[in-house]
Amino acid sequence: MAGRIVVVTSGKGGVGKTTTVANLGTTLAKKKYNVVLIDTDIGLRNLDVVMGLENRIVYNLVDIIEGNCRKEQAMIRDRKLSNLCMIPAAQTREKNSITEEQMKALCVELSSEFDYVIIDCPAGIEQGFKNAIAGADTAVVVTTPEVSAIRDADRVIGLLEAALVKKINLIINRLNARMVKKGDMMSTEDIIALLSVPLLGVVPESEDVVVSTNRGVPLVHDRSSKAGAAFRSMAARLNGESIPLDGDSQGLFGRMKRFIWN
Amino acid sequence: MLGILRRIWGDGASGQVARKRMQFVLMHDRIDITPDVMEAVKNDIIQVLSRYMEIEGGSVKVDLEQGKDFMALISNVQVKRVFRNSKNSD
Ligand SMILES: Nc1ncnc2c1ncn2[C@@H]1O[C@H](COP(=O)(O)OP(=O)(O)OP(=O)(O)O)[C@@H](O)[C@H]1O
Ligand SMILES: [Mg+2]
């Protein structure tokens, strides 16, 4: 059976796509699935540093597509998990040095060898975005509880629907429970009502994210981090496991039950 | 400081303000009605109504509003006078 092809996207930059890819991928690999992560943010690659694999890069995504190397040569194995690897983006090339057809073909090829192909999408809705979503059967849209991020997420959801991506789910990142309580941040319920997409999970605003990025060790390795736990639950839900949403960063989901992941 | 501003405007917490603004923005983004089109809709409404009544042209407002599970076009028109033979005025 072919593996799943999941794109993590957002529209707006800096909302947590790369962090999400690293943590979902690492969790699924810890569950013994064969996972490959692809950084499609050509010119602004970052997944390598978030995964702590930056000093092993020889070849990249564009090299695979142009036939400069076999794809195995560009795949960098994770330091801890042998069933997890990453294909880095090219750092000194143009976004349009690959096409949607080439990207799709690569994803399909990889999905015959891996259980999960997880794609880190660049910000924006131009060619890089189109390439990143070309082969995907599932999209994870990341937003923060801010007006500009939500608006861009809505736009991206429209484009994903138009591109006939089968499954679209939402991650709300950087939720500040204290501000929500004070009424100074849109709540999870507010955001879901606005975007009407099934919720994969909520990640709290957390210093742990910065610390783990500094170290180059994905947060899900840290058993004590709440944000890490949120990423682990989301990976499990993505994998079809039914994990109640209440276990995450926010207690009161009440009326939101009908959106619960299934 | 923010608290003072809030009391002056009586706006409620900023989260709710954001929610209401987003409802509006997303609806416009989704239906993709540009301000030009809204202006054209408004002018057509004025034109049609003017066959039956005298209206205050500058007072006409046309807005799209999001209800709980519907979208409404709400127009507010100030009527000065209704024509006596309005039914035949076509
Ligand atoms: N839950 C969180 N709490 C605190 N900081 C976070 C959280 N999630 C992400 N960040 C920080 O936000 C920044 C952007 O994250 P990330 O690189 O994952 O976003 P991105 O969407 O991939 O950005 P880009 O669009 O530039 O590719 C990073 O510095 C990261 O450490
Ligand atoms: Mg990124």
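Beyond 23 Å in Cα-Cα separation lie the following of the pairs A:Lys12/A:Lys32; A:Lys130/A:Lys167; A:Lys12/A:Lys130; A:Lys30/A:Lys166: A:Lys12/A:Lys32; A:Lys30/A:Lys166.
Per-residue 3J(HN,Hα) values for the stretch A:94-108, derived from phi via the Karplus relation 6.51 cos²θ - 1.76 cosθ + 1.60 with θ = phi - 60°, read 7, 4, 8, 7, 10, 10, 4, 5, 5, 5, 4, 4, 5, 4, 5 Hz in sequence order (x marks Gly and Pro). The amide H of A:Val203, built 1.01 Å from its N in the peptide plane, has A:Ile172, A:Asn173, A:Arg174, A:Leu175 as neighbours under 5 Å, considering only residues 5 or more places off or on other chains.
Computed over the protein assembly as shown, the convex hull of the alpha-carbon atoms projects to a mean area of 23.2 nm².
Our coupling estimate for the stretch A:43-51, obtained by passing each phi through the Karplus curve with A = 6.51, B = -1.76, C = 1.60 and θ = phi - 60°, is x, 9, 6, 8, 4, 4, 6, 5, 7 Hz, Gly and Pro reported as x. Taking amide hydrogens as placed 1.01 Å from N in the peptide plane, the amide H of A:Ile5 sits under 5 Å from those of A:Val117, A:Asp137, A:Thr138, each at least 5 positions away in sequence or on another chain. Residues A:Ile118, A:Ile65, sorted by accessible area with the largest first, give A:Ile65, A:Ile118 [1.4 Å probe; ligands and nucleic acids excluded].
Solvent-accessible surface (1.4 Å probe) assigned to A:Tyr33 amounts to roughly 70 Å².
Available extension along the chain between A:Arg155 and A:Glu100 is 17.8 nm, counting 0.36 nm per residue and deducting the alpha carbon span.
Each of A:Lys167, B:Lys80 has its accessible area taken with a 1.4 Å probe; listed largest first, they run B:Lys80, A:Lys167.
Taking only the alpha carbons of the stretch A:170-215, we obtain Rg and Dmax values of 12.2, 37 Å in that order.
Distance distribution note for the stretch A:39-151: the fraction of Cα pairs above 18 angstrom is 50%. With helices as the sole contributors, chain A gives -11000 deg cm²/dmol at 222 nm; each DSSP H run of n ≥ 4 counts as -39500 (n - 2.57), and the sum is divided by every residue. Pairs of C-alpha atoms in the stretch A:10-74 farther apart than 19 Å represent 39 percent of all such pairs. To the nearest whole percent, what portion of all C-alpha pairs in the stretch A:101-191 is separated by more than 18 angstrom? Taking all Cα-Cα pairs of the stretch A:101-191, the fraction more than 18 Å apart is 50 percent.
The alpha-carbon of B:Lys61 sits under 21 angstrom from the alpha-carbons of these lysines, leaving out residues fewer than 8 places away in its chain: B:Lys20, B:Lys42, B:Lys80.
The values are calculated or read from the model by the stated rules, or taken from the named source; none is laboratory data. Remember, predicted model here, so these are calculated numbers, not experimental data. All accessible areas refer to the heavy atoms of the entire protein, side chains included, with ligands and DNA or RNA removed. Shrake-Rupley method; radii C 1.70, N 1.55, O 1.52, S 1.80 Å.
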